[in-house]
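What follows is one structure encoded as structure tokens, with my remarks underneath.
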Amino acid sequence: MDIDIWDELYIKAKKFYHPQYISPFIYSNHVVSAIEANDGSIFTGFCIRSCSGVGNLCAERVAAINMLNNGGQTKIKKIITFRDDPPINNLSVPCGACREFLMQLSIENKKTQILLDYYTRKIVTLGELIPQWWGYEKLDEKNKS
């Protein structure tokens, strides 16, 4: 059986799926993610949910922070995110906060492929999910000065 990049991302992320309470206030590892950085390196992350909303971190952002911290990179080729099973039926797209964070890391991330269905390999790009992103205007202003 040939393994493609989506299989590799799935296998790496799946290792971190083990929902648990870290404390009575923090629940984690119930959503996992893996990203392929621009250089082909793979970084993983898992969701952290706390009693205070500002303490919450999605798996995609944790994976991206790991990429930045451990690899010094900001550009992402591919993302897979899921709970206990691979993503299917378009149910695994980054939330608004994650979309925004990924776009702010690098404008090139608008090309990032996000896996919507593991079995059909259906994807969407970050740019398709956030087509009217406010930052384009700010970038245009910066480039004019």
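The values are calculated or read from the model by the stated rules, or taken from the named source; none is laboratory data. Not measured: the values here are computed from a predicted model. Virtual Cβ from ideal backbone geometry, glycine too; neighbours counted across all protein chains shown. Accessible surface is based on the protein model in full, side chains and every heavy atom, while ligands, DNA and RNA are left aside. Shrake-Rupley method; radii C 1.70, N 1.55, O 1.52, S 1.80 Å.
Carbon-plus-sulfur accessible fraction, the chain (probe radius 1.4 Å, protein heavy atoms only): 53%.
Here the Gaussian network model covers the chain, with springs between Cα atoms less than 10 Å apart; of 16, 25, 43, 25 fluctuates the most.
In the chain, what % of DSSP beta bridges are antiparallel (nearest 5)? Taking every DSSP beta bridge within the chain, about 90 percent pair in antiparallel fashion. In a reduced charge model with +1 at each Lys and Arg Cβ and -1 at each Asp and Glu Cβ, the chain shows a dipole moment near 260 debye about its Cα centre. Taking all protein chains into account, the per residue accessible area for the stretch 1-122 stands at 52 Å² (1.4 Å probe). Our helix-only sum for the chain, with -39,500 (n - 2.57) per DSSP H run of n ≥ 4 divided by its residues, gives a mean residue ellipticity at 222 nm of -9500 deg cm²/dmol. The calculated P(r) of the stretch 27-80, using every Cα pair and 5 Å bins from 0, goes 5, 24, 29, 19, 12, 8, 2, 0 in percent. Accessible surface ranking for 15, 122, 78, 110, 1.4 angstrom probe, highest first: 15, 122, 110, 78. With R₀ fixed at 22 Å, the C-beta to C-beta distance from residue 15 to residue 68 puts the FRET efficiency at about 0.60.
Gain on full extension, evaluated as 0.36 nm per residue between residue 39 and residue 123 minus their Cα-Cα distance, stands at 28.2 nm.
Among the listed values [x] 15.6; [y] 17.4; [z] 15.3, the one matching Kirkwood radius over Cα pairs in Å as calculated from this structure is [x].
Anisotropy class assigned to the stretch 67-108 is prolate, per the alpha carbon gyration tensor with a/c at or over the 1.5 cut-off and a/b larger than b/c.
Counting only residues at least eight positions apart within a chain, or on another chain, the lysines with an alpha carbon under 24 Å from that of residue 138 are 75, 77, 110, 111.
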